[in-house]
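A quick write-up on the structure given underneath.
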Amino acid sequence: MVKKRLVLNFPPHLIDRPVTYELITRYKLRVNILKARVTPKEWGRLVVEVSGNKNDLDAALQYASTIGVEIDPLSKGIAWHQELCIECTACTSICPSKALSVKRPEMTVEFDRDKCIACELCIPVCPYEAIEIQL
Ligand code: SF4
Ligand code: SF4
């Protein structure tokens, strides 16, 4: 059993196609959708956690790529620029997964990339543009 967090980018011609359903039924994957942004006739984006047998997962991603889905690892999605952060802690209270948190008693801000679900809630909150989506 392997597990990956991925960003799936769907071109407009695939928006109405049940690709996620195909991945689940054809390749027996578990797909946990962490975030979805789908607009008719535009690109769609899903942030997912997928798990399953390694061969099935590899085959599923190969299939998705073949039909036109662009696949990126989630770990490349969020950048926290510590050198720009003034540790105001504004982002830590809005972060739903606690990827951004305050270390106590030092009161320093930390970013745990593995916990981040790329919800982007922190982006408009940060007054110093210390957090960036790189998708
Ligand atoms: S995008 Fe920002 S608010 Fe959302 S989970 Fe990641 S660090 Fe937290
Ligand atoms: S909102 Fe920006 S400046 Fe404030 S703690 Fe978060 S990353 Fe740092």
Quiz item: Once the dipole of the chain is set up with Lys and Arg at +1 and Asp and Glu at -1 on Cβ about the Cα centre, which of Cys85, Phe10, Ile133 lies farthest towards its positive end?
Solution: Phe10
Quiz item: Which Cα, out of Leu121, Val19, Val102, lies furthest along the positive dipole direction of the chain (beta carbon charges, K/R +1, D/E -1)?
Solution: Val19
Quiz prompt | Share of pairwise Cα separations in segment 6-47, more than 14 Å, in percent | solution = 46 percent
Self-check item: Unsatisfied cross-links (Cα-Cα over 18 Å) in the set Lys35/Lys103; Lys28/Lys54; Lys4/Lys28; Lys3/Lys103
Solution: Lys35/Lys103; Lys3/Lys103
Quiz prompt | Size of electric dipole in the chain: Cβ of Lys, Arg +1 and of Asp, Glu -1, about Cα centre, debye, nearest 20 | solution = 560 debye
Quiz item: How large is the charge dipole for segment 79-133, taken about the Cα centre, if only the Cβ atoms of Lys, Arg (+1) and Asp, Glu (-1) carry charge, to the nearest 20 debye?
Solution: 240 debye
Practice problem: May I ask for the Rg/Rh ratio of segment 2-76, computed from Cα atoms with Rh as the Kirkwood radius, given to two decimals? | Solution: 0.93
Quiz item: For the chain, what relative contact order do you get, as a whole percent, if you take Cα pairs closer than 8 Å and at least 6 residues apart?
Solution: 25 percent
Quiz item: To the nearest µm²/s, what D does Stokes-Einstein give for segment 79-133 at 10 °C and 1.306 mPa s, using the Kirkwood radius over alpha carbon pairs as Rh?
Solution: 144 µm²/s
Self-check item: Listed residues Arg104, Arg113, Arg45, most fluctuating in the chain (Gaussian network, C-alpha, under 10 Å)
Solution: Arg104
Practice problem: Starting from the coordinates of the alpha-carbon atoms of the chain, obtain the Kirkwood hydrodynamic radius over all distinct pairs and give the value in Å to one decimal. | Solution: 16.2 Å
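Read-outs: derived from the displayed coordinates by stated rules, not from any lab. Values in this document were obtained by computation on a predicted structure and should not be read as measured data. Cβ atoms come from the backbone with ideal geometry, glycine included; neighbour counts cover every protein chain shown.
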